[in-house]
1. Show the residue pairs meeting these rules: Cβ distance below 8 Å; 6+ apart or different chains; first residue within the stretch 477-494 and outside the structural domain of Gln427 (by TED's automatic domain parsing) and under 16 Å from Ala445 (Cβ atoms); second residue crowded, with 17+ Cβ neighbours inside 10 Å and basic (Lys, Arg).
2. Return a yes/no flag: does the stretch 162-170 have any residue that is part of a loop (DSSP other than H, G, I, E, B), in the same structural domain as Tyr95 (by TED's automatic domain parsing) and modelled with pLDDT under 80.
3. Can you pull out the residues in the stretch 436-450 that are farther than 23 Å from Ile407 by Cβ and touching a residue at least 40 places away in the same chain (Cβ under 8 Å)?
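The values are calculated or read from the model by the stated rules, or taken from the named source; none is laboratory data. If you're wondering where the values come from, they're calculated on a predicted model, not measured in any experiment. Cβ atoms come from the backbone with ideal geometry, glycine included; neighbour counts cover every protein chain shown.
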Amino acid sequence: MPKDAKAESESAASLQAPNEALARTAPMSGAPHISWWQQLSAMAGRFSRATRFLFAATITVGLTMAFVGNLISQQIKLAAAQSAGEGAAIYMEAYLSEHIQGLASARTLPDASKQAIDKLMSNTSLKQHVVSVKIWLPDGSNVYSTRELPANQFYPSESIAQAMQGKIVTSLSELDQEEHAYEHSLNIPLYETYVPLRELGSGRVLAAGEFYEMEHEIGSIHQEVWATIAAASIAMLILLFCIVRHGDRIIERQQIALRQQMHEQDQLHQQNTALQDKITSASHEFSTITELTLRRLGADLHDGPAQLLTLILLRIDELSGLRERYLQEGENPSSDALETIRSAAQDSLREIRGISRGLALPEINVLSLHEELQLVVQRHELRTESKVKLSLGNLPSGVPLPYKICIYRLVQEALNNAFHHAGGKQQQVSASYRGGLLEVQIEDAGAGISAEALQAKSRGRSRLGLVGMRYRVESLGGRFSIESAPEHGTRIKAQFNMAAADSDNS
């Protein structure tokens, strides 16, 4: 007897996709090794996102639907086998029960019972579905078979034992046992069903009836199932492809718009850079023009009003000579008005010369930044008779002229403020150069300025020098800051990016 070959759901979808062509491709000498995954990714990159999604979705949905279809097919087979077994068992038990009652007292069937069973199988409608019938005792010995089995042979099986317990066992037999020789010769799939055969009245199981029934026509059902699954899979793929394609087109439009915006932003950046270069160049030119204007004003003051005042003083000196001559002759003219005019003229001359010297810079173009700072400090000390502490680090040698003029004016104005407002107390000038950043500091230990007062007076005349210093520094792209507090002095700091200055001048 065969072991129970009950139908089981199996998924025969095992993916074995070794790419022998890629695996055998040896890397070129000296070239980096490219794995098959990288080559596959490069090939996939040639297609659009929607196409790549379609490939991936087809594989995924195809495998899933194949598993589902196989599972449904197995369930259909099981359901068909169970239905066929239960239905046929009712008929077989009804037909055979009256012919096996003799087994209640004997281990063999009478010849009359066997002939009745043979007639039943040949003359009724059962032969259209049942091709073979066997009757088994509990120990596995055969007492009846449509085709005679060898005598004194035992075929015990688990299915017979279950049938003797009152169970119905049905399976699609593989027909690979010795007792299946006749059924196997038919070469058709058969359902093998075991049913309990009971004693009338008591209901005691006397034997196990086994019959082989032809498989029901479920091929058309399988075809309908697979056609439904295929149609659902194709509809799902088409719907998903349309959704992804629509999203892909939206992404493409957004990418085009983004590239256009980036291009426009790049153009705007280039325009801004060009405008910034023009502004920087204009600031340099404005600084140069301003310096030339100041020099011209200084020269005009020196050559104009200063010369006139000098002439006035000379004529006053002549009047002084006449006064002395009058005194020698015994006359006594009044000299108070004359002395007043002389004193006023001398004071005016000194002021005009001082202004002229302040407006006209010395020739700093040929001086280094180190020498320039020494010069401006020295001139301040001579003019104010005060002391300035000078601390200079390693300074760059080639500083553009606009920066040198700005730094000179910055230090000059800051020291003047320190002298006038702080009394020249602990005046210090320092300069350093690190990582392309030039920093200049001017500080004092005066009374300082509160933040509120500095903000309130920044627009007034008294703070015009601070505004001018800030404008000079920021017009060259520098950073200007003031640190001051009451009774803590004032510190003015200017920073210049000399790397950017060198690129602008180049």
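1. none
2. Pass one, the stretch 162-170, residues part of a loop (DSSP other than H, G, I, E, B): 165-168.
Still in the running and in the same structural domain as Tyr95 (by TED's automatic domain parsing): 165-168.
If we keep only those that are modelled with pLDDT under 80 too, we end up with none.
No; the residues of the stretch 162-170 include none that is part of a loop (DSSP other than H, G, I, E, B), in the same structural domain as Tyr95 (by TED's automatic domain parsing) and modelled with pLDDT under 80.
3. Passing the criteria: Ala447, Gly448.
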